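Right, one structure below, let's go through it.
The values are calculated or read from the model by the stated rules, or taken from the named source; none is laboratory data. If you're wondering where the values come from, they're calculated on a predicted model, not measured in any experiment. Reconstructed Cβ throughout: ideal geometry from the backbone, glycine too, with neighbour counts over all protein chains shown. Side chains are part of the model used for accessible areas, which takes the heavy atoms of the whole protein and leaves out ligands, DNA and RNA. Shrake-Rupley method; radii C 1.70, N 1.55, O 1.52, S 1.80 Å.
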Amino acid sequence: VDMFCSVFCRWYWQKEKREPYVKFMEANYPPGFSYEDFGPLFTAEFFDPNQWADILKASGAKYVVLTSKHHEGFTLWGSKYSWNWNAVDEGPKRDLVAELATSVRNRTDLHFGLYHSLFEWFNPLFLEDATNVFKTRKFPTSKSLLELYEIVTKYHPEIIWSDGDGNAPDTYWNSTGFLAWLYNDSPVRDTVVTNDRWGAGSICIHGGFYTCSDRYNPGHLLPHKWENCMTIDKRSWGYRRDAQLDDYLTIEDLVKQLVETVSCGGNLLMNIGPTHDGRIAVIFEERLRQVGAWLKVNGEAIYGTKPWRAQNDTVTPEVWYTFSPKDGKVNAIFLSWPVSGTLELGEPQAKLGETQVKLVGYKEPLKWVALDEKGIVIALPQLTPRQLPCQWGWTLQLTGIN
C-alpha cells in the first residue's frame, strides 16, 4: 500500500491508532474504509517482471529476496491458505511470486529468495493462540506452516528469509520440524540457505546466517556469517508517496554500507519498496544501477572475498579491508580521496621488492614507501575527475603483504 504510512500502515492506523495516520485516513478515504478495502487498490498494472530482473541484474546483486507475505497476511501468490486475501484472487489477479521467479531465472544468474512473515497482526487464529499463551497452535498448523511448505514446493526459493515470530517460541511455529524438512527432503535441500528469525530467542543465535536486527552493521568482525538488511529509504521498508529526497541514502552512503558490511564478514541486503501499480521507483532504480556500476569496477574487492586480519585502518579512517584468497591480494577500499595525493595505511606490512600496489581500474603500478615496523605510504596518481576509475570509493590491491 503506497500511502504515506507504507508497510506498517495497518498497525499504526488500526492497532496503535496513531493520530497522523487516523487523520490521514479520515481525510482521504471514504467513511468506514477498512484495511481490506486496499486489496482492490493494489493493482500492479505496470508490473513488468522482466524489467525488474534487468534492474536487479544491473545492480550487481547475487541474490534477491521478495516479500511473499508481510505481517498483514496478504500473499503475493495464490495461496490455498489465504482465501480471498492474495494477489491472484484480489487486486492484480496475478501470481507475482511466480512471475518474478521466472524472470529472474530466465534473465539473470541471481539466486531467488522469498521473505515470509510467520505471524499476522490481525489474524483471529493467531490472536486466539496468543491469548492462550501459545499453548494452542491453530494458526501455524492451519496457515503459516502450510504457506511455507507451499512456497518452497511451488517456487523452489534458494533463500527462505523468515520474519515476525510474534513473540512466540520456535516450538509454537515448529521451526525445527520445517527446517529439517527444508534441509533434508525439500526440492531445494542442496542449495537453500535460511536466516535466524524462527521464533522468540532464535535471532542472532540460531540460523544459516544471522540478521540480528534490522539495519544491523556492527562495524567489527563477527564469528558467524551475517547479513545487514537495510533500506535505501532511511525511514521505511515500503514505498512512501510523501518521501523527500533527503530520506533516501545517497550512492556514497550505500557504497560505505556495502564496504563496511563486507569487510566485517557480512552480506548486504538492500531493500526497496515498489509502488502499488508495480513499479520500481526511478530513484531506487538509479541507486541500484549506481551500485552495479561501482561493483563493475571494484567487484574484485567484494565478490568471493573473506575478511582480512584487520577490518579497517588504524591510521586513516574510512579505509576498509577485504582479502581475496584466490590470488592472495589484500584490498584496501578508501572512501575519500586524500587532498595530499598520498594515502597512509597503518595496517599492511610492506616488503621492498615484494609488495606491489595497484589502483583498480588504473594501469600503472603505484609508488610506495614502507614505514617502520608496519604501515605504508602510497602515492596516488594525479587524475582528473574523468580519469578516475569510479566516483565513490576506490580500491587499492596490495600483493606481497605479510
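Under 14 Å from a label point set 7 Å out along the Cα-to-Cβ vector of residue 303, no amide N atom of the stretch 357-376 is found. Mean projected area of the Cα convex hull of the stretch 330-374, taken over all directions, amounts to 3.8 nm².
Only beta bridges with both residues in the stretch 8-301 are counted; by DSSP, about 10 percent of them are antiparallel. The order of 159, 203 by accessible area, most exposed first and with a 1.4 Å probe, is 203, 159. Dividing the summed helix terms, -39500 (n - 2.57) for each DSSP H run of n ≥ 4, by the number of residues in the chain produces a 222 nm estimate of -7000 deg cm²/dmol to the nearest 500. As a rough guide to protection, the peptides 35-42, 204-211, 24-31 ranked by mean Cβ packing within 10 Å, highest first, stand as 204-211, 35-42, 24-31. Straight-line reach from residue 135: taking Cα to Cα under 18 Å and skipping same-chain neighbours fewer than 8 places apart, the aspartates and glutamates in range are 120, 165, 170. Excluding same-chain neighbours fewer than eight residues apart, the aspartates and glutamates reachable from residue 234 by a Cα-Cα span under 12 Å are 214, 246, 247, 253. A cut-off of 5 Å between modelled amide H atoms, ignoring neighbours fewer than 5 places along the same chain, links residue 159 with 113, 114, 193. Once the Cα atoms are used to define both axes, helix 49-58 deviates from the longest principal axis of the chain by about 20 degrees. Of the solvent-accessible surface of the stretch 306-399, computed with a 1.4 Å probe over protein heavy atoms with every protein chain present, carbon and sulfur atoms account for 51 percent.
If the chain linking residue 23 and residue 222 were pulled fully straight, counting 0.36 nm for each residue of separation and taking away their Cα-Cα distance, it would gain 67.2 nm.
Cross-link check: pairs 57/143; 17/143; 15/256 evaluated at a Cα-Cα cut-off of 30 Å; pairs beyond the cut-off: 57/143; 15/256. Output the 0 to 90 degree angle, nearest 10, between the alpha-carbon long axis of helix 19-28 and the longest principal axis computed from the alpha carbons of the chain. That helix lies at roughly 70 degrees to the long axis.
Once backbone amide H atoms are built at 1.01 Å from N, residue 63 has 111 as its partners under 5 Å, excluding neighbours fewer than 5 places away on the same chain. So if each residue of separation counts as 0.36 nm, and I subtract the Cα-Cα distance between residue 363 and residue 214, what length gain in nm does that give? Working it through step by step, the gained length comes to 49.6 nm. In this structure the chain gives 47 Å² per residue of accessible area when probed at 1.4 Å with all protein chains present. For the stretch 103-132, list residues with backbone N below 15 Å from a point placed 7 Å from the Cα of residue 34 toward its Cβ? Answer for the stretch 103-132: 122-125.
The relative contact order of the chain, computed from alpha carbon pairs under 8 Å that lie at least 6 residues apart in sequence, is 13 percent. Across the stretch 196-247, C-alpha contacts under 8 Å between residues 6 or more apart give a mean separation that, scaled by the residue count, equals a relative contact order of 24 percent. Here the Karplus curve 6.51 cos²θ - 1.76 cosθ + 1.60, taken at θ = phi - 60°, turns the phi angles of the stretch 230-245 into couplings of 9, 10, 5, 7, 4, 10, 8, 8, x, 6, 10, 5, 9, 5, 9, 3 Hz, with x standing for Gly and Pro.
In this structure the amide hydrogen of residue 229, modeled in the peptide plane, comes within under 5 Å of the amide hydrogens of 215, 216, 269, none closer than 5 places in sequence on its chain.
In sequence order, the stretch 262-273 has phi-based couplings of 5, 5, 9, x, x, 9, 10, 10, 9, 8, 10, x Hz under the Karplus curve 6.51 cos²θ - 1.76 cosθ + 1.60, θ = phi - 60°, and Gly or Pro positions carry x. Label points 7 Å out from Cα along the Cβ direction at residue 81 and residue 377: separation in nm? The modelled label-to-label distance comes out at 6.5 nm. Need one word for the stretch 233-367: rounded, prolate or oblate. Basis is the Cα gyration tensor (sqrt eigenvalues a ≥ b ≥ c); a/c below 1.5 gives rounded, then a/b vs b/c decides. Note, shape of the stretch 233-367 comes out prolate. Evaluate Rg over Rh across the chain, taking Cα atoms for both radii and Kirkwood's formula for Rh. Across the chain, the Cα-based Rg/Rh ratio is 1.02.
Fully extending the segment from residue 89 to residue 250, taken as 0.36 nm per residue of separation minus the present Cα-Cα distance, adds 54.1 nm.
Karplus-based coupling profile of the stretch 100-109, in residue order and whole Hz: 5, 4, 4, 5, 4, 6, 7, 10, 9, 10, with θ = phi - 60° in 6.51 cos²θ - 1.76 cosθ + 1.60 and x standing for Gly or Pro.
If you average the alpha carbon positions of the stretch 242-313 and of the stretch 152-229, how far apart do those two centres end up, in angstrom? For the stretch 242-313 versus the stretch 152-229, the Cα centre distance is 22 Å.
The value of relative contact order for the stretch 306-399, using C-alpha pairs under 8 Å at least six residues apart, is 31 percent.
Each label was represented as a point 7 Å from its Cα along the Cα-to-Cβ direction; for residue 183 and residue 48 these points are 4.2 nm apart.
When DSSP beta bridges are restricted to pairs lying wholly in the stretch 164-304, around 10% turn out antiparallel.
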